[in-house]
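Computed from the coordinates by the stated procedures, all read-outs in this text should not be read as laboratory data. Since this is a predicted model, take the numbers as computed values, not measurements. Backbone-built Cβ (ideal geometry, glycine too); neighbour counts: all protein chains shown.
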Amino acid sequence: MSKNSYAVFGMGTFGAKLATDLARSGNTVLICDRNAARVEELKDKVADAVIADATSEDVIRELNVDKFDAVILGMSSYFESQVLALTLLKQAGAKKVFIKSKSTIQEKILYRLGADEVIQPELDVANRLARRLSLSNISDIFEFKGSAIADVIVPDSLENIPLRDLDLRGKYNITILLKYTPDGLNVCAIGPDTILKAGDQLTVFGDQKSIIELFKR
């Protein structure tokens, strides 16, 4: 059963990757781009594909954009086109519009025009990399509805203590979701009697500040 429905406009690197990943996750995805070759290349990976101009009022109307859970504008080459497409989508009743931008100034303008979320992929990647380099025991961390999911390495301070005694959930609001074998390829069983070793790899969920404070050492 399909999870959600999305329309993705602009089949550049960002839009194509987003559309195919959403479809692979079970969502219904429509893609739209003026470039016929790009649409042809991707059409078998999504539910529907349209060769059209997202800045055309007729196109936006015919696509019934209000039926989608969200519309994503991935075309960022021409800011004027983004502004026009966003305006048309909002006028047509799009529920949510996510839009890619190149600068903070563009971001502010797009929010003022009604964008629900503005994405700057290069800044997002830079921020994540900076955190990874600064927090040596945290290989990746993603914010998730006020909390965070992170891949971490167990520090010496947590070694040889059973999970029951660590009480990560009660003391730090952190839950261990997965524990991996030393090669990081297979998932290990975990329980109250599981004893962590320094260097073990975990995927954890919980309070972002607590995750950073506990595992950055």
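Summary table
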{"read-out": "Degrees separating the helix 121-134 axis from the principal Cα axis of the chain, which is the longest one", "value": "10"}
{"read-out": "Amide proton proximity set for CYS188, modelled H, under 5 Å, gap of 5+", "value": "LYS179, TYR180, THR181"}
{"read-out": "MRE, 222 nm, helices only [DSSP H, n ≥ 4, -39500 (n - 2.57), over the chain, to nearest 500]", "value": "-10000 deg cm²/dmol"}
{"read-out": "Lys, Arg +1 and Asp, Glu -1 on Cβ, resulting dipole of region 131-215 about Cα centre, debye, nearest 20", "value": "220"}
{"read-out": "Calculated log10 I(q)/I(0) by the Debye sum over Cα atoms at q = 0.10, 0.17 Å⁻¹ (choose from (i) -0.58, -1.35; (ii) -0.59, -1.07; (iii) -0.51, -1.24), label", "value": "(ii)"}
{"read-out": "Residue pairs, from the table LYS17/LYS67; LYS43/LYS108; LYS100/LYS197; LYS45/LYS216; LYS45/LYS179; LYS45/LYS90, whose Cα atoms sit over 31 Å apart", "value": "LYS43/LYS108; LYS100/LYS197; LYS45/LYS216; LYS45/LYS179"}
{"read-out": "Per-residue ³J(HN,Hα) for region 51-66, Karplus 6.51 cos²θ - 1.76 cosθ + 1.60, θ = phi - 60°, Hz, x for Gly and Pro", "value": "8, 6, 9, 5, 9, 8, 4, 5, 5, 4, 5, 5, 7, 6, 5, 5"}
{"read-out": "The chain - percent relative contact order, Cα under 8 Å, separation 6 or more", "value": "14"}
{"read-out": "Selection from PHE205, LEU168, SER157 lying farthest towards where the dipole of region 131-215 points positive, charges on Cβ", "value": "PHE205"}
{"read-out": "Amide H partners (placed H, <5 Å) of ALA47, local residues excluded", "value": "VAL29"}
